[in-house]
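J.: This is the structure I want to talk about, given as structure tokens.
The values are calculated or read from the model by the stated rules, or taken from the named source; none is laboratory data. Because the structure is a prediction, the values reported are computed rather than measured. Glycine gets a Cβ as well: all are built from the backbone with ideal geometry, and neighbour counts include every protein chain shown. For accessibility, only protein heavy atoms count, side chains too; no ligands or nucleic acids. Shrake-Rupley method; radii C 1.70, N 1.55, O 1.52, S 1.80 Å.
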Amino acid sequence: MDGLEQIVRQSLTDFVAWVSRTGWYGREREAVSLYVMGFLVKQCKPGTILSDPTQIGIEVAVPQLPGARRKKLVTKDVVIWNRPGMTCWSEDRLSTNHPLCIMEWKRGEDSIAARRDIDWLRAYSTTVEGLLGFSVVLGLGPDGPRLRCVCVNAGKIAKEWLIL
């Protein structure tokens with residue numbers, strides 16, 4: 001997964017540099033779309049873990065964690081799948097496929113919602129072997145953009161993973 005961590009780190013770094021240089025401003029969904037289409041897709045290279053843009057999904061379903069009063073599926077901001085064109089759906093049309101990576105975004109300096117995302121990613125990464133989770137918080141204040149990203153893997157949190 002080191003290759004995927006490097007891909008996410010580089011694409012987020014390039015995204016923040018561009019936002020800083022251009023003064024771009026937008027909401028969470030616009031930031032996610034810009035990040036994926038302008039920066040993450042550029043990291044796709046044949047023969048790597050992210051070989052094709054169709055491995056990337058925006059606002060797509062993944063199987064939910066088990067538990068009472070939970071929906072069967074949950075939608076995540078950015079998902080990276082193992083193979084091009086993959087979804088959570090099996091050949092039998094059951095939601096059984098899990099992604100390589102899930103990124104949850106929040107727009108603002110810090111939020112309780114980001115902490116909930118981290119808790120969910122932590123729990124999910126203990127049930128899905130090898131899953132990388134990222135909680136991204138993007139602040140767009142008068143002093144320029146600020147980004148904090150926490151990486152979650154196997155239930156462990158790297159709190160200072162990326163701060164820009």
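J.: Would you please give the residues with an amide H less than 5 Å from that of G108, counting only those at least 5 places away or on a separate chain, with H modeled from the backbone geometry?
T.: L138, G139, L140
J.: May I pose another question? Just add up the charged neighbours of V41: K/R +1, D/E -1, any other residue whose Cβ is under 12 Å from the Cβ of V41.
T.: Result for the local shell: 0.
J.: While we're here: If you count only protein heavy atoms with a 1.4 Å probe, what accessible area per residue comes out for segment 1-73, rounded to a whole Å²?
T.: It amounts to 59 Å² per residue over segment 1-73.
J.: HN-Hα J couplings of segment 18-35 from phi, Karplus 6.51/-1.76/1.60, θ = phi - 60°, integer Hz, Gly and Pro as x?
T.: Karplus values, whole Hz, x for Gly and Pro: 5, 4, 5, 5, 9, x, 3, 9, x, 7, 4, 4, 5, 5, 4, 4, 4, 4.
J.: Note down the net charge around W105, summing +1 for each Lys or Arg and -1 for each Asp or Glu among other residues with Cβ under 12 Å from its Cβ.
T.: It works out to a net charge of 0.
J.: Turning to a different aspect of this structure: I7: accessible area at probe 1.4 Å, nearest 10 Å²?
T.: The accessible area of I7 comes to roughly 20 Å².
J.: Efficiency by 1/(1 + (r/R0)^6): what FRET value for R146 and W89, r their Cβ-Cβ distance, R0 = 35 Å, to the nearest 0.05?
T.: 0.40
J.: While we're on this one: Per residue Cα convex hull volume for the chain, in cubic angstrom?
T.: Taking only Cα atoms, the chain has a hull volume of 110 Å³ per residue.
J.: Right, next: Just add up the charged neighbours of A61: K/R +1, D/E -1, any other residue whose Cβ is under 13 Å from the Cβ of A61.
T.: So the surrounding residues net to +2.
J.: Using a 1.4 Å probe and ignoring any ligands, DNA or RNA, find the accessible area of D14 and quote it in Å² to the nearest 10.
T.: 60
J.: Taking every DSSP beta bridge that has both residues in the chain, what percent is antiparallel when rounded to the nearest 5?
T.: 80
J.: A follow-up question, please. Obtain the nm distance between the two label points defined at K45 and K71 by a simple spin-label model: each point lies 7 Å from its Cα along the Cα-to-C-beta direction.
T.: Once both label points are built, they end up 3.7 nm from each other.
J.: What is the percent carbon and sulfur in the accessible area of the chain, measuring with a 1.4 Å probe over the protein chains and ignoring ligands?
T.: 51
J.: While we're looking at this one, here's another question. Ignoring everything but the protein chains, give the 1.4 Å probe accessible area of T54 in square angstrom, nearest 10.
T.: Its heavy atoms expose roughly 80 Å² to the probe.
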